[in-house]
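The values are calculated or read from the model by the stated rules, or taken from the named source; none is laboratory data. The model shown is predicted, which means the values in this text are computed figures rather than measured ones. With ideal geometry, Cβ positions are generated from the backbone for all residues, glycine too; neighbour counts draw on all protein chains shown.
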Amino acid sequence: MPQHLDRQRLRRLWEDALSEDGFDRDVTSLAAVDETAIGTARIVAREAGVFAGSVIFELLREAHTPWFTVDLAVSDGDLLHAGTVIATLAGPMRRLLGIERTLLNFLQRLCGVATLTRRYVDAVAGTDAKLYDTRKTIPGWRQLDKYAVRCGGGHNHRTGLHDALLVKDNHLANVELNRLASVASEMISQASTLSPPLHFVGFEADTLEQLDELLKVAGIDVVMLDNFTPAQMREAVKRRDAGGLAGKVALEASGGVDLGSVARIAATGVERISVGAITHSVPAIDISMEIEPEA
């Protein structure tokens, strides 16, 4: 299994999806298809994109052995073209028909996330900026959405509320600017006692003045520049570097990022760009299953 994926959670998600679709009571197949019929199914891309989904075929091998043979023809991150054969499955016709829609739903979503991520990654090529996802994922799909982001060449932000200290404007709503540095230091001190250790410590800045205060605080790994303009981002990089913190405190563009603006943002010198759209506004990739019964 690819990294950061929980086998048991994924298996439950798959089984819940099959149950939701009535896999165990496909009345159409029961009426139309002989119980002994065997078939071969080709999973085919109908449009260009980026593949994500080897984990799903690993799941098929585990969950549906000995019913199916599974031959995956591509790897995560591969480019797909219209007509690319992604995989071939062979087994009982009723079972192939029973998993068809669920399998395609998983693959179309995963490939959609990977494809849109790759478009953003390509847009910032040649800069030092890396593309990160957010927590704006389908409920229950957090691990899969973030897996698909990695397949598209992006990077994962925190997994959830539990693994990083990420202080945003709502956490600081009643904190005056002249108290920001001391309050941030206290938060970091409290968080340092938590177990297991946090992956990173991040604070959100709404203004350059807040950035200045946060750059005074030891222990901050990332400052998120919330809805900064490109000019403000360039100034933020300048101030961070002037303080000798280049390579120590990363700056992350956050909010209002789209394909039309991401290259300009990357050119400002920020190291990180987080984009909610790569998981919350993703068009599915058109993928089909072509099933042929054995003669």
Any chance Thr268 is at pLDDT 95 or above, among the hydroxyl-bearing types (Ser, Thr, Tyr) and in a loop (DSSP other than H, G, I, E, B): yes
Check Asp71, Asp34 and return the single one that is surrounded by fewer than 18 Cβ atoms within 10 Å (Cβ to Cβ), of a type outside the set (A, V, I, L, M) and in a strand (DSSP E or B). Asp71
Which ones in segment 196-248 are over 13 Å from Val270 (Cα atoms) and aromatic (Phe, Trp, Tyr)? Phe200, Phe203
Restricting attention to segment 99-122, which residues are over 18 Å from Ile86 (Cβ atoms) and either free of Cβ contacts under 8 Å to residues at least 24 places away in the same chain or surrounded by fewer than 19 Cβ atoms within 10 Å (Cβ to Cβ) (or both)? Arg119, Asp122
If I filter segment 194-208 for residues that are polar (S, T, N, Q) and buried (at least 17 other Cβ atoms within 10 Å of the Cβ), do I get at least one hit? no
Gln190 fails exactly one of (1) under 22 Å from Val270 (Cα atoms); (2) at pLDDT below 95, namely (1)
Could you pull out the residue among Leu59, Leu104, Leu110, Leu116 that is closer than 21 Å to Ile138 by Cα and modelled with pLDDT under 95? Leu59
In segment 220-249, how many residues are within 27 Å of the chain's Cα centre (by Cα), over 24 Å from Ala263 (Cβ atoms) and surrounded by fewer than 19 Cβ atoms within 10 Å (Cβ to Cβ)? 2
Tell me whether segment 89-106 contains one or more residues that are farther than 20 Å from Leu5 by Cα, of a type in the set (A, V, I, L, M, F, W, C) and in a loop (DSSP other than H, G, I, E, B). no
Restricting attention to segment 60-67, does a residue exist that is in contact (Cβ under 8 Å) with a residue 40 or more places away in the chain and polar (S, T, N, Q)? no
